[in-house]
Amino acid sequence: NCQSLVFISLPAGLQSLGNYAFYGCRRLREVRVASNRPAATGNYAFSGNAENRVILIPAARIEAYRQAAGWRDYSESLREH
């Protein structure tokens, strides 16, 4: 249950996110990613989050994330940090 989750920080060593990992976390507004390399990401990992959600990616790696399977579905939310 993630009803109160508004922020999550994903570590540099993250290797994968499963299907529906943060699905339906309606208050989730910010995801901060530490890894320079996109982790394997399952289907609908960030679906159903807050409308204004942003996914913060390490500077200069945003294009790699925009092209990576799973992450490209959320390209409109990707921002550099």
Can you name the condition, by its number, that Ser4 falls short on among (1) at negative phi; (2) open to solvent by less than 50 Å² (accessible area, probe 1.4 Å)? (2)
Failed condition for Glu51, given (1) of a type in the set (D, E, K, R); (2) open to solvent by 90 Å² or more (accessible area, probe 1.4 Å); (3) closer than 18 Å to Ala12 by Cα: (3)
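Are any of the residues in the stretch 20-40 among the β-branched types (Val, Ile, Thr), in contact with a helix residue (DSSP H, G or I) (Cβ under 6 Å, 6 or more places away or on another chain), open to solvent by less than 90 Å² (accessible area, probe 1.4 Å) and modelled with pLDDT of 95 or more? Show your work before the answer.
Start the filter on the stretch 20-40 by keeping residues that are among the β-branched types (Val, Ile, Thr), which leaves 31, 33.
Of the ones still in play, those that are also in contact with a helix residue (DSSP H, G or I) (Cβ under 6 Å, 6 or more places away or on another chain) are none.
No, the stretch 20-40 contains no residue that is among the β-branched types (Val, Ile, Thr), in contact with a helix residue (DSSP H, G or I) (Cβ under 6 Å, 6 or more places away or on another chain), open to solvent by less than 90 Å² (accessible area, probe 1.4 Å) and modelled with pLDDT of 95 or more.
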Hits in the stretch 57-74 - residues which are buried (at least 19 other Cβ atoms within 10 Å of the Cβ) and either touching a residue at least 60 places away in the same chain (Cβ under 8 Å) or among the hydrophobic types (A, V, I, L, M, F, W, C) (or both): Ile57, Trp71
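The values are calculated or read from the model by the stated rules, or taken from the named source; none is laboratory data. Computed from a predicted model, the values in this text were never measured in an experiment. Cβ coordinates were reconstructed from backbone atoms using ideal geometry, including for glycine residues, and neighbour counts include every protein chain displayed. For the accessible areas, the whole protein counts, side chains as well, though only heavy atoms, and no ligand, DNA or RNA atoms are used. Shrake-Rupley method; radii C 1.70, N 1.55, O 1.52, S 1.80 Å.
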